[in-house]
Amino acid sequence: MLLSCGDALIDFLPSRTADGREALTPAVGGSCLNIAIGSARLDVPTGFVGGISTDTFGRMIADHATASGVDLSRATRSDRQATLAFARVTGTETQYAFYDADTASRNWTYRREAIALDGVTCLHTGSTTLVHDQGATETLAFIEDARANVTIALDPNCRPNLVKDKDAYRARILAFCVKADIVKMSDVDFAYLFGDEAYAARAEALLSGGASLVVITRGNDGALAWHRKAGPIEVKAPVVKVVDTIGAGDSFQAAMLAALHRLNRIDRRRLREISAAELTRALSFACKCAAFTCTRPGADPPRSGELPRDAW
């Protein structure tokens, strides 16, 4: 089983009324929940760990996740309100305004006795959960308990508008990288964290620090990956008609983890021995799923039956 630990929220997405006025439409989101939904839709047993409100929006989140096949038995339900995020699309990037004070997601705490790890092969985390002190502290405690037997996957999915101290945040992300077997980030995340540093140089540093796989996604330009054994790999992204890019990075991460699961390479020891051909296949599949997500509005990753037969 894959577990995804972190944020679950409601995105308000740009839309238009029948008479052409600007409007906002609520949709379930949150990077870590999106990843759980994405992998579950690809037929990988998946659970979500985090705080979900019992309010109207929280029920919307829970119903959506359950309908996609996500196991919520390890999630914490709370009467605190749900996190809300208002999205604005500018060019190929989506900017967010978050309303996250005293919410169920932000106030999640790690309950060791409530989170069974039997059968769990991979734990993913990242995004807004790591911005605030409490979320980062609780998540790190969970990772420390899990990492002896579970592969750790990280996607920082940076939200600069939430960061108060960039140097402290960067140090925190690097501390999480040291604990991770798989580090994936977008080119935008990379630029925010590492400026003009060369991808390969930072990837080699992360591999030396303990990671087995480092992936940089580049939107229309596909993805780059570095692995201790399989070497540097580049895969192309399919050309599609883009509606928006919301959730594309999450869909990539979900599909990559699902592909590694399908290849029986998600286990830490087996991941270290993955071949270049297997890794290329996993990354190509992830690019196809991310591209598919871009063809419809919001974070709506594909189900297995929606993909072309040759996608895998």
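Rounded, prolate or oblate, given the Cα gyration tensor of the chain, with a/c below 1.5 counting as rounded? Intermediate values should be presented prior to the final figure.
Numbers: a/c = 1.34, a/b = 1.15, b/c = 1.16.
Cα axes put the chain in the rounded bin.
In the structure shown, the pairs LYS184/LYS236; LYS179/LYS229; LYS179/LYS288; LYS164/LYS184 are assessed against 25 Å; a Cα-Cα span above that value is assigned to LYS179/LYS288.
Counting alpha carbon pairs within less than 8 Å and at least 6 residues apart, what relative contact order, in whole percent, applies to region 198-312? Working shown, then result.
On the way: 174 pairs, mean separation 31.6, N = 115.
It rounds to 27 percent for region 198-312.
With the other protein chains left in place, how much accessible area per residue, in square angstrom, belongs to the chain at a 1.4 angstrom probe? Mind dumping the intermediate values first?
Values: 13440 Å² over 312 residues.
Dividing the accessible area of the chain by its residue count gives 43 Å².
With a Förster radius of 30 Å applied to the beta-carbon distance between ARG272 and TYR199, the computed FRET efficiency rounds to 0.90. When the solvent-accessible area of region 104-190 is split by element, carbon and sulfur atoms take up 47 percent of it, the probe being 1.4 Å.
With both labels modelled 7 Å from their Cα along Cα-to-Cβ, the ASP133 to ARG59 distance reads 3.6 nm.
An oblate overall shape is assigned to region 45-107, the ratio a/c of its alpha-carbon gyration tensor axes (a ≥ b ≥ c) being 1.5 or greater and a/b not exceeding b/c.
Bridgeable aspartates and glutamates around LYS166 (alpha carbons under 18 Å apart, same-chain partners fewer than 8 residues away excluded): ASP133, ASP155, ASP187, ASP189, ASP196, GLU197.
Tell me the net charge near ALA104. Cut-off is 12 Å between Cβ atoms, ALA104 excluded, with +1 for each Lys or Arg and -1 for each Asp or Glu. Neighbourhood net charge equals -1. Per the 1.4 Å probe, what fraction of the accessible area of region 205-312, in percent, lies on carbon and sulfur atoms? Whole-percent figure for carbon plus sulfur exposure: 50.
The values are calculated or read from the model by the stated rules, or taken from the named source; none is laboratory data. Computed from a predicted structure; not experimentally measured. With ideal geometry, Cβ positions are generated from the backbone for all residues, glycine too; neighbour counts draw on all protein chains shown. Areas reflect the complete protein model, heavy atoms only, side chains present, ligands, DNA and RNA absent. Shrake-Rupley method; radii C 1.70, N 1.55, O 1.52, S 1.80 Å.
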